[in-house]
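Input: a single structure, listed below in structure tokens.
FYI, it's all coordinate maths here, none of it is from the lab. Small disclaimer: the values here were computed from a predicted structure and weren't measured. So basically every Cβ, Gly included, is an ideal-geometry build from the backbone, and we count neighbours across all protein chains shown.
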Amino acid sequence: MSDSMADKMKRKLSAKSVTAIVLFGAIILVFVFFGLPGRLGAGIGSVARVNNSLISLADFQQEENRIQQYYQNLFGSQMDFSSQRQLLRQQALENLVRMELVSQAAQKNGILATDAEVRDFIVKDIPFFQQNGQFQREFYSRYLESTRSNPGDFENKVRKDIANVRVRQMFELVSAPTGAELKKLQEMKSQKINVLFVKVDSEAASKAMTKEKAEAAIKALDEALVKGDEAAVNAQLKELKATWEETGLVELGAENFPKITSAVATEAIFELKKSEPLLKRLVRDGNSKYVLKLKESKVEEVKALEPMAAEMMQKRRGDGMFEAWVNQFRSNSHVTMNTQALQLQ
């Protein structure tokens, strides 16, 4: 990202425009109201290093607690985490590493949160620190004491969170679809297709017949598809005891097609043509193989796109750009994790 681009986007964003940052307040409330980590005094050390920055054990334990409470809120307070403890800790460690990577990448590109923004967020936007709409320093001090933190550490977390949200919004801002793209999206929504498909499971076929016969039948099926010999295709499907199903009419631009759970098969659907309804290849996804055929296509008038469609397109594109940006910075960074933290009692 060039400096000029960063400057241009920063001028369009203010602290007040970073509306998603209220999520940070929700995160704080999760571990404030539902119990703070009981192991904060377990020891002093770091659990990861991102370039020249260390991630503390205390931050790791707080993040672990936050994630645990999040899942308890979803699935019930009686949820047992004993068997999933290591996975939960891995998620906590990865979350903190990613947060630090985003913070460093943002700083490198001149995307910063000012002291005034940090102060205003703490004073005005965290309900837990307020009473009757007024900031209460006593509540803030009590929180810092209970989490064994200090104002500098907490403000740094707020600063990183503002940068994280701001970067995401900046990528979303430049990902707005053009008029031509929206028109194309509208055209795709007007086109509907019904796809015939057969799913062949290699393991299931091997149980129904000998492994050698199953492999031979699948090979013959593949060869028949390449030739476009539909009669031979149906003969091999009968041999494999596999039957045709159909998706029903679905928008051409749909991300998912009914009954087809494979992303690989879904992508292959867009290769189907009216002139050659049968896809001339076997679509492979692990042990599953798919035969695809276009049964029907039709056009229905779509007068206008729902606003949500454009917003979702913009968000998906922005998220993709953000992930690529973070991964690129990570590939050029030095990241080490202390896996012993995952074994803490």
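Given a Förster distance of 30 Å, report the FRET efficiency between Glu138 and Leu112 from their Cβ-Cβ distance, rounded to the nearest 0.05.
0.50
I need the calculated FRET efficiency for the pair Glu246 and Lys274, taking r as the beta carbon distance and R₀ as 22 Å, to the nearest 0.05.
Numbers: r = 16 Å, r/R0 = 0.75.
According to the calculation, E is roughly 0.85.
Give me a comma-separated list of calculated 3J(HN,Hα) values for segment 324-335, in order, Karplus coefficients 6.51, -1.76, 1.60 applied at θ = phi - 60°, integers in Hz, x for any Gly or Pro.
Rounded to whole hertz, the list is 5, 5, 5, 5, 5, 5, 5, 5, 9, 10, 9, 10.
Considering only C-alpha atoms, what is the centroid distance from segment 78-109 to segment 317-342, in Å?
11 Å
Taking 0.36 nm per residue of separation and subtracting the Cα-Cα distance, what length does fully extending Arg148 through Gln130 add?
My answer for the length gained is 4.4 nm.
Is the shape of segment 209-345 rounded, prolate or oblate, going by the alpha carbon gyration tensor and its root eigenvalues a ≥ b ≥ c, with a/c under 1.5 for rounded and a/b larger than b/c for prolate?
oblate
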